[in-house]
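These notes concern the structure reproduced below.
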């Protein structure tokens, strides 16, 4: 993680992300569905730093529904935690319930 458990939400710099060189990246963009996050993904993937990250090279980048599962307190947060856990344990599966591995065709994702 780039931020600590008590840190407020903020943008990480590319330098921080490169220094962390994460094993996996889960994109849960605030108030954005999986489809919208996919449409905006080029803002990350077009940067030369993106391809250098270990998670990207290893195919361990996942998009989850930031709107349904992470934007408001309530049962959706518990579901969101389950979605992230399933994605991280997915092996090489391209998608699952509520998550999509980057590079998977949009029609392949299974929402709730």
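Values quoted throughout were computed directly from the atomic coordinates according to the rules given, and no laboratory measurement underlies them. What you see is a predicted model; the values in this text were computed from it and never measured. Ideal geometry is used to build each Cβ from the backbone, glycine not excepted, and the neighbour counts take in all protein chains shown.
Descriptive notes on the structure:
- Spin-label pair residue 46/residue 86, simplified geometry with 7 Å Cα→Cβ offset, distance in nm: 3.3
- Cβ crowding within 10 Å averaged over residues, with 4-11, 81-88, 45-52 ranked highest first: 81-88, 45-52, 4-11
- Counted residue by residue at 0.36 nm each, then reduced by the alpha carbon distance between them, the extension gain from residue 54 to residue 93 reaches 12.2 nm.
- Of all DSSP beta bridges in the chain, antiparallel share, percent nearest 5: 55
- FRET efficiency estimate (nearest 0.05) - Cβ-Cβ, residue 24 to residue 72, R0 22 angstrom: 0.35
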